[in-house]
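Trainee: The following block contains the structure, expressed as structure tokens.
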Amino acid sequence: MAILDILHYPDPRLRIKAQPVPAVDDGVRRLVSDLFETMYAAPGIGLAATQVNVHRRVIVADVSERHDQPWCFINPRVTGTEGREQTEEGCLSVPGVFETVERAERIQVQALNAQGEMVNLVADGLLAVCIQHEIDHLEGKLFVDYLSILKRNRLRKKLAKAQRLAL
Ligand code: GNR
Ligand code: NI
């Protein structure tokens, strides 16, 4: 197991579209356990392989308080959605930024698990938000892409200033 480095916005590697996993083998299972270790250490409620510079369609999530409900989705696909809901989101790749994003309230997801079996899940609440946020990462999309131009410009200035101060 290993804690991996998380890429930070505006790193262009966060924009790479992840490729499907052809077969769930030991290498993929090692990636899954490294993603869990990195996510729990951060700490975060989800993590996509893209964020650790691995451009394969693998995500993990655990929205439980006790960190005892781990979910791993390989080649995840949203097969149905219901409703809309706004949630305050954050991202380990955009530290310190929290903004409201509107997404589907309930989703149906199809994916492979770590055993390579096809699983179907209906998710709502924070898990539904998290899965949509993680699948966006696999597409090279970040939650800040949903903000108005005004908010994004404000954010760009804030991050540029933070970067100047960090030098
Ligand atoms: O830890 C995280 N918290 C979070 C809160 C609201 C909506 C989405 C998230 S995901 C985020 C971890 C992360 O960046 N995953 O890609
Ligand atoms: Ni994120």
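The values are calculated or read from the model by the stated rules, or taken from the named source; none is laboratory data. Keep in mind the model is a prediction, meaning the values are calculated, not measured. Note that each Cβ is placed from the backbone with ideal geometry, even for glycine, and that neighbours are counted across all protein chains shown.
Residues are listed down the side, and each one gets a yes or a no for (1) among the hydrophobic types (A, V, I, L, M, F, W, C); (2) within 16 Å of L126 (Cα to Cα); (3) within 15 Å of the chain's Cα centre (by Cα):
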| site | (1), (2), (3) |
| --- | --- |
| A18 | yes, no, yes |
| L31 | yes, no, yes |
| G44 | no, yes, yes |
| P76 | no, no, yes |
| R106 | no, yes, no |
| V109 | yes, yes, yes |
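For (1) over 18 Å from Q132 (Cβ atoms); (2) surrounded by fewer than 18 Cβ atoms within 10 Å (Cβ to Cβ); (3) near ligand 1 (Cβ under 10 Å from one of its atoms), each residue gets a yes or a no:
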{"site": "K17", "(1), (2), (3)": "no, yes, no"}
{"site": "V28", "(1), (2), (3)": "yes, no, no"}
{"site": "M39", "(1), (2), (3)": "no, no, yes"}
{"site": "G46", "(1), (2), (3)": "no, no, yes"}
{"site": "H55", "(1), (2), (3)": "yes, yes, no"}
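Trainee: In the range 89-110, how many are within 16 Å of ligand 1 (Cβ to nearest atom) and under 27 Å from N53 (Cβ atoms)?
Mentor: Of the residues in the range 89-110, 15 are within 16 Å of ligand 1 (Cβ to nearest atom) and under 27 Å from N53 (Cβ atoms).
Trainee: Here is a list: Q132, Q115, Q69, Q110. Which entry is in a loop (DSSP other than H, G, I, E, B), of a type outside the set (G, A, S) and either exposed (fewer than 11 other Cβ atoms within 10 Å of the Cβ) or touching a Lys or Arg at 6+ places or on another chain (Cβ under 9 Å) (or both)?
Mentor: Exactly one residue qualifies, and that residue is Q115.
Trainee: Pairs needed: first member in the range 32-44, within 15 Å of W71 (Cβ to Cβ); second member anywhere, at pLDDT 95 or above and among the hydroxyl-bearing types (S, T, Y); C-beta distance under 9 Å; at least 6 residues apart or different chains.
Mentor: Listed by first residue and then by second, the contacts come to G44/T38.
Trainee: Would you say T81 is farther than 24 Å from I149 by Cα, among the polar types (S, T, N, Q) and free of Cβ contacts under 8 Å to residues at least 40 places away in the same chain? Break it down stepwise before answering.
Mentor: Numbers: farther than 24 Å from I149 by Cα: yes; among the polar types (S, T, N, Q): yes; free of Cβ contacts under 8 Å to residues at least 40 places away in the same chain: yes.
Yes: the conditions hold for T81.
Residue-wise test of (1) modelled with pLDDT under 95; (2) farther than 30 Å from D26 by Cβ; (3) not polar (S, T, N, Q).
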position	(1), (2), (3)
Q108	no, no, no
A111	no, no, yes
G116	no, no, yes
D145	no, yes, yes
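Trainee: Among the residues of the range 96-118, count how many are touching an Asp or Glu at 6+ places or on another chain (Cβ under 7 Å) and under 12 Å from V78 (Cα atoms).
Mentor: Number of matching residues: 2.
Trainee: Then there is this: In the range 113-140, what count of residues is obtained for those that are within 16 Å of ligand 2 (Cβ to nearest atom), in contact with a strand residue (DSSP E or B) (Cβ under 9 Å, 6 or more places away or on another chain) and of a type outside the set (S, T, N, Q)? Steps first, please.
Mentor: Initial filter on the range 113-140 (within 16 Å of ligand 2 (Cβ to nearest atom)): 126-140.
Then keep just the ones that are in contact with a strand residue (DSSP E or B) (Cβ under 9 Å, 6 or more places away or on another chain); that gives 126-138.
Imposing the further condition that a residue be of a type outside the set (S, T, N, Q) reduces the set to 126-131, 133-138.
Going through the range 113-140 one residue at a time, the tally reaches 12.
Trainee: Let me ask you something else. Criterion first (touching a residue at least 24 places away in the same chain (Cβ under 8 Å), in contact with a Cys (Cβ under 8 Å, 6 or more places away or on another chain) and part of a strand (DSSP E or B)) does I59 satisfy it?
Mentor: yes
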